[in-house]
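The values are calculated or read from the model by the stated rules, or taken from the named source; none is laboratory data. As the structure is a computational prediction, the values presented were derived from the model and not from experiment. Cβ placement follows ideal geometry from the backbone for every residue including glycine, while neighbour counts extend to all protein chains displayed.
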Amino acid sequence: MSFVQTSKALQDVAARIRERSADLRAEYLHHIEEVRRTAPPRRKLSCGNIAHVAAACPAGDKIAIAQGMAPNLGIVTAYNDMLSAHQPFKTYPDLIKDAARALGATAQVAGGVPAMCDGVTQGQPGMELSLFSRDVIAMATAISLSHNVFDGSLMLGVCDKIVPGLVIGALSFGHLPTVFVPAGPMPTGASNDEKTRVRQAYAAGEVGREALLASEMKSYHSPGTCTFYGTANSNQMIMEIMGLHVPGAAFVQPGTPLRDALTRAAVRYVINAVNAPSEARGIGEILDERSFVNAIVGLHATGGSTNHLLHLVAMARAAGIVITWEDFSDLSAVVPLLARIYPNGPADVNQFHVAGGIAFVVRELLRGGLLFRDVTTISGDDLTAYTREPFLMDGELAYRDLPNEVLAPSIIRSIDDPFQPTGGLAVLDGNLGRAVVKTSALRQDNLSLRAPARVFDDQDDFLAAFKAGEFQQDVVVVVRGQGPKANGMPELHGMMPAFGALESRGLRVALVTDGRLSGASGKILSALHVTPEAADGGAIGLIQDGDLVTIDTAQGSLDVAVDPAVLATRAPARANAAAPLTLGRDLFSIFRASVGRADQGAASLWAETT
């Protein structure tokens, strides 16, 4: 496809987003203008209010805050020391405050947001809170900024629901210049191929728990983000390509001088934006429909997480922008796959970064006419700033151009020689509803399957059937009752080793579910996020054992070969007997009752208006 054709496809998708969003976006921008006019930070606070703000500050900061003459920055942090990705944030507030003072500003920790780990809660009751935690984080971000004493903000977060929640919350204060500050990945541990091999061997009963634990401990072994290309690292790519990071910040490891220099630069960027002559530098103004198109393009080009077909929709809605799965699908048809990072290949994000990383991908996509170059970014420059790599020169942050040649063609490719001509995600439609497939990790002979269904209402039931040796032929496993209304749409990653073991025995297998998979899953043909979900009357709740189900990513179809008249006579699947709402799940009934559809972002905050 030519440069002109790809650029036109990009323009067409952006234009229809802009058209369908016109009223909502205008209303959102009007609110930003009203807030900027009627409620400037600190200007309407009483002396008592100001005294509370400054009470715990050092003397110099007290004077600056009380006089209101210097920018005051709010830090919203997802720090805790149980999550390896967020443990490095412990030292960030002091570093940020020192950098702010050096630039004549002040900074305060505005608040903390919860940060749960899907790696810990996989297969556990807590996973039912995972997706809803995104909306909790958004609300906690709003509470953190609600004191209205900040001229700009820095968001400290990395992982799955945390960055999308921070974005949604920050967009509710869309007038504030905002930079997202990552912590970086942990060093490379055990290879991804070895980790997968041990997991499948354990699922097949060939090795014991001791061997499995040893393998996992070698994989997840130090502070920093997990090194596979799941939702957490897809988040970092998206923040970079949307211009909310300091350029090159995503995959620099924690505890390094370069990492600290990038964090200090984030402070400088926020202050520059606060002091810019134009007031239209808030995050809600920086992010427009072109920013979200760029994010979707980046997701396709790198084979990113399927979770972002939920998160990007919800994030855009928070900015008054309506994107749909059709937008993802149409962009997938013109965006080539330029990277293979586990689970799409053997490399991890550290190897991807050394090979050129996000900067290389952005440069190539710009060269192919597949990104909007002239978007506003927090750097003050256009997207070209994100095509260069950071380094230290005499202890100071500097940038240099990447080499022109492809350094590691097994990991990253040029726009002229992609791994595949279309993107890493496909959207399906059919009599079973709509679904999403991650195609970038699939073999060419595994992009479709027509086979009899085996239906389960719980992933544990599937695992019990697997252990009992019940799968002896090709099969489409259907796991229903896992959507947002049913139980919060948990990830079902615990099934993947069993699926891998079945494939290693020569069976062809696939998954159809109204639930989610881990952002690091993808080697099994999986139709995810099926909507309408079973709990919402979706046809997935009518499938019976033995029905022929077809998943075809080339045709974009998801169907069951049952006469519509017969299907209409079937009773919908009953929900599982109610599990005890323990471990905090009882507090989230209001979310389950109000959540919107998966293709509308599975949001609880504005489900009635999406």
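For the range 369-405, the set of residues classified as crowded, with 23+ Cβ neighbours inside 10 Å and over 24 Å from Thr178 (Cβ atoms) consists of Leu370 only. Applying the criterion of being more than 24 Å from Tyr342 (Cβ to Cβ) and touching a strand residue (DSSP E or B) at 6+ places or on another chain (Cβ under 9 Å) to the residues of the range 217-257, the residue that is surrounded by the fewest Cβ atoms within 10 Å (Cβ to Cβ) is Pro257.
Report yes if Met495 is under 27 Å from the mean Cα position of the chain (by Cα) and assigned to a helix (DSSP H, G or I), otherwise no. The answer is yes for Met495. Of the listed requirements (1) within 16 Å of Asp461 (Cβ to Cβ); (2) touching a helix residue (DSSP H, G or I) at 6+ places or on another chain (Cβ under 7 Å), Ser521 misses just one: (1). When Ile137 is tested against (1) touching a helix residue (DSSP H, G or I) at 6+ places or on another chain (Cβ under 7 Å); (2) free of Cβ contacts under 8 Å to residues at least 60 places away in the same chain; (3) more than 30 Å from Arg592 (Cβ to Cβ); (4) in a helix (DSSP H, G or I), only condition (3) is not met. Sub-6 Å Cβ pairs linking a first residue in the range 8-20 that is surrounded by 17 or more Cβ atoms within 10 Å (Cβ to Cβ) to a second residue that is part of a helix (DSSP H, G or I) and not polar (S, T, N, Q), at least 6 apart or interchain, are Val13/Val293; Val13/Asp327; Val13/Asp330; Val13/Leu331; Ala14/Glu289; Ala14/Arg290; Ala14/Val293; Ile17/Glu289, ordered by first then second residue.
Any chance the range 397-404 includes a residue that's charged (D, E, K, R), more than 23 Å from the chain's Cα centre (by Cα) and not in a strand (DSSP E or B)? No: the range 397-404 contains no residue that is charged (D, E, K, R), more than 23 Å from the chain's Cα centre (by Cα) and not in a strand (DSSP E or B).
Say we look at the range 552-575 and pick out the residues that are surrounded by 13 or more Cβ atoms within 10 Å (Cβ to Cβ) and modelled with pLDDT under 90; which of these is nearest to Asn431 (Cα to Cα)? Within the range 552-575, the match that is nearest to Asn431 (Cα to Cα) is Pro572.
In the range 323-341 there is at least one residue that is polar (S, T, N, Q), surrounded by fewer than 22 Cβ atoms within 10 Å (Cβ to Cβ), touching a helix residue (DSSP H, G or I) at 6+ places or on another chain (Cβ under 9 Å) and in a loop (DSSP other than H, G, I, E, B). Put simply, of Met116, Met127 the only residue that is farther than 18 Å from Val179 by Cα, in a loop (DSSP other than H, G, I, E, B), within 17 Å of the chain's Cα centre (by Cα) and at pLDDT below 95 is Met116.
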